[in-house]
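Would you mind keeping the following structure in view while I ask a few things?
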Amino acid sequence: MDPAQVLETLKHGAVPTAWYLALSAVLFVIGVAGFILRRNIITVFMCIELMLNAVNLSFIAFAHEHKQVAGHLFTFFVMVVAAAEAAVGLAIILTVFRNRSTLNIDEIESLKN
Amino acid sequence: MPANFTPSNSDLLRFLPETILIAAGTLMMVLDPFLSKSKPKFFGHLSILAFIAALLAAVAANGDPGFAYSNLLIVDGFATYFRILVITIGIFAVFSSYHYLDREKAETSEYHALILFAVSGQCLMAASNDLIMIFIGLEISSIASYVLAGYLRHDKRNNEAALKYFLLGSFATGFLLYGVALVYGITGSTKLNEIHTALAAPGVSLVMVSVAAALMIIGLGFKVSGAPFQMWAPDVYQGAPAPVSAFLATAPKAAAFAIFLRIFVTAFQPVASSWEPILWVMALLSMTIGNFAALTQTNVKRMLGYSSIAHAGYILVALTSRSEIGTTAAMFYLAAYALMNIGAFAVVIHMAGKGETNVQISDLAGLGKKQPFTAALLTIFVLSLIGVPLTGGFFGKFYIFRAALESNLVWLAILGLLNSAVAAYYYLRLLVVMYMHDPSEATEALEPLTPGLRTALVLPAIGTFILGVLPGFVLNFARDAAGIGK
């Protein structure tokens, strides 16, 4: 895109949809990378939440692009489900911590042959 | 004119199975404080009643097929087949857990309520016509399953199973959802039939569609435990309480394959060429990794976990063939797989003892002498898992490989058959230990079968046998239902 043209659209308050999608993709990849690389369970869980929110951003951007309200509704569903998942997930993390006194994912490896 | 939001009678009927299951589950949580101490078995009975009511509702809904709730849901033969399948699995899961919960002194109300909620989510997945409904059904099922996997919360193995299942399950959900978002972006809809129309039109960006399909395959691959996304399965099936493992290895997997089939046979059918090679590789990897890793296992639950990965591989072969015969074969195999796996796990539940101390293969030693009836039933399930004629497993494999050959997937069929031969080795080891070794301490001290477990063993055994001798009834139902979206 021509820089002058970009500046023009930005002046009118409209960020191109592709920018949102790029941001969303970057956030998603950060989430995936964090999930794989981080060792603290809480951080890993936060990375999953980041992935879901990246998806939400995509939904909103696409809804804007298609001029539809459906995409906005989907983000509500995703948020509700993410909240339910957080409630259950934190409870699971809590029981793990109570029984083992560690939150390092590498130390939780008693299940093997 | 304002839209009419009052559901019609057909809408209510087509959504009835889920309504019954959720109402019964909620009722249990309300009754918990009054009855959980005095009548722990009551909740199991109530849940079986609810499952039978939901089963009848699913059959009734099939009498009035069509879309419901502004095309969000669809009731057709395919949805009914999978609703009946997951509800049946739910019934067996309840039968097999009466004695187990009693032995472990665990709360019964929450357990049965969670099973009901999980099955309601799986019914919803089977009957969805919208990617967002699929997502919600999947999450209802998954969130309940996460809790179930860690149900005995003072047990370290349960904690670990729940944690791994939760983290990898939510990770997979993220991928699936990103795929949904991209599909919505490309087509402007999340309804499967509208996506099909939009993708069939000329000028669709194949690259974007392929990315979306790949993301959804990753997400669904985790849920069906297809390699290379299988690493959670052995840990979770080993760590979770045995009746929960039996449930997790069958019901969520059947429902996940149902949405896998529905999404890829209806919505993505116009761009099939972009995803067939991915499925080919995934099928081969799952069969090979599952079978070869199972060879060296000493823990029965973990071995069944690896074997379930291999079975997911066989079903993926049927999906790769992309034909109605393939869909029929996958549906039939899922039914056979569910019955034989529930049965095999029921024997593990019977053997395990308090705190699940006896779950090694060596603990089965001498079962043939001490409890010939239990041993005979396990033999039926093991033979079916191998794929010996006269069992459901044989016809399941037969149809799958025939579908692969008819779609010119000759190499995949050959490699799959070689894999089945490898699998025979570790399954037969169970029979050798059971019949040819002297009784172990575990079998010496074994209690007789309880009525609940007996039901969860005998009925699946009869089912496995019927599928192996008279497959026609189930097969015809599956074949009539396999033309999804037509």
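Taking every alpha carbon pair in the range B:170-286, what does the distance histogram look like in 5 angstrom bins from 0, in percent?
2, 11, 20, 24, 17, 11, 7, 4, 2, 1, 0
Over the whole of A:78-87, what's the average partner chain Cβ count within 10 Å per residue? Rounded to a whole number, please.
Working: counts 8, 0, 2, 10, 5, 0, 3, 8, 1, 1.
Average per residue, whole number: 4.
Under a point spin-label approximation (7 Å from Cα along Cα-to-Cβ), what is the residue A:7-residue B:49 distance to one decimal in nm?
Using points 7 Å along Cα→Cβ, the separation is 7.6 nm.
Would you compute the Debye intensity of the range B:76-140 from its alpha-carbon atoms alone, equal scatterers and no solvent, and pass along log10 I(q)/I(0) at q = 0.12, 0.18, 0.21, 0.26 Å⁻¹ to two decimals?
Evaluating at q = 0.12, 0.18, 0.21, 0.26 Å⁻¹ gives log10 I(q)/I(0) of -0.36, -0.68, -0.82, -1.04.
Here's something else I'd like to know. What's log10 of I(q)/I(0) for the range B:232-381 at q = 0.10, 0.16 Å⁻¹, Debye sum over Cα points only, no solvent?
So the normalised log intensities are -0.39, -0.87.
What is the P(r) of the range B:354-486, as percent of Cα-Cα pairs per 10 Å bin from 0?
Per 10 Å bin, starting at zero, the Cα-Cα P(r) for the range B:354-486 comes out as 11, 31, 32, 17, 8, 1 percent.
What translational diffusion coefficient, to the nearest whole µm²/s, does the range B:308-400 have by Stokes-Einstein, given a Kirkwood radius computed over alpha-carbon pairs, a temperature of 20 °C and 1.002 mPa s viscosity? Write down the numbers at each step before the final one.
Details: Rh = 14.3 Å.
Using the Kirkwood radius from Cα pairs, D works out to 150 µm²/s.
Separate question: Quick one: what Rg and Dmax do you get for the range A:1-55 from the alpha carbons, in Å?
In Å, with Rg to one decimal and Dmax whole: 15.6, 46.
If r is the Cβ-Cβ distance from residue B:373 to residue B:408 and R0 is 35 Å, what FRET efficiency results, to the nearest 0.05?
Working: r = 46 Å, r/R0 = 1.31.
Computed FRET efficiency for residue B:373 and residue B:408 comes out at 0.15.
Let a ≥ b ≥ c be the square roots of the eigenvalues of the Cα gyration tensor of the range B:283-348; is it rounded (a/c under 1.5), or, if not, prolate (a/b larger than b/c) or oblate? Let's see the in-between values first.
Values: a/c = 5.25, a/b = 1.49, b/c = 3.51.
Because a/c hits 1.5 or more and a/b fails to exceed b/c, the range B:283-348 counts as oblate.
Using Stokes-Einstein with the Kirkwood hydrodynamic radius over Cα pairs, what translational diffusion coefficient do you get for the range B:38-165 at 4 °C and a viscosity of 1.567 mPa s, in µm²/s rounded to a whole number?
84 µm²/s
Out of all Cα-Cα pairs in chain B, roughly what percent, to the nearest whole number, are more than 33 Å apart? Kindly include the intermediate steps, with their values, before the conclusion.
On the way: 38474 of 117855 pairs.
Taking all Cα-Cα pairs of chain B, the fraction more than 33 Å apart is 33 percent.
Once the Cβ-Cβ distance between residue B:480 and residue B:272 is put in as r, and R0 is 22 Å, what FRET efficiency do you end up with, to the nearest 0.05? Kindly include the intermediate steps, with their values, before the conclusion.
Values: r = 22 Å, r/R0 = 1.02.
Once the sixth-power term is evaluated, E becomes 0.45.
Something else now. Just to verify a number: FRET efficiency for residue A:46 and residue A:84, C-beta to C-beta distance, R0 = 22 Å, to 0.05?
Values: r = 17 Å, r/R0 = 0.76.
The formula returns an efficiency of 0.85 here.
Which three extents, in angstrom, do the Cα atoms of the range A:3-107 have along their principal axes, listed largest first?
For the range A:3-107, the Cα extents along the three principal axes come out at 58, 29, 17 Å.
While we're here: Any idea what Rg and Dmax come out to for the protein assembly as shown if you just take the C-alpha atoms, in Å?
23.7, 86
Label residue B:205 and residue A:39 with points 7 Å out from Cα along Cα→Cβ: what is the distance between them in nm?
Inter-label distance under the simple model: 4.0 nm.
Then there is this: By a straight-distance test (C-alpha under 14 Å), which aspartates and glutamates pair with residue B:37 as possible cross-link partners, with residues fewer than eight away in the same chain excluded?
Candidates past the 8-residue exclusion: B:102, B:107, B:110.
Throughout, read-outs are computed from the coordinates displayed, never taken from laboratory work. Every value quoted in this text rests on a predicted model; they were computed, and no experiment measured them. Methodologically, a virtual Cβ is constructed for each residue, glycine included, from the backbone with ideal geometry; neighbour enumeration extends over all protein chains shown.
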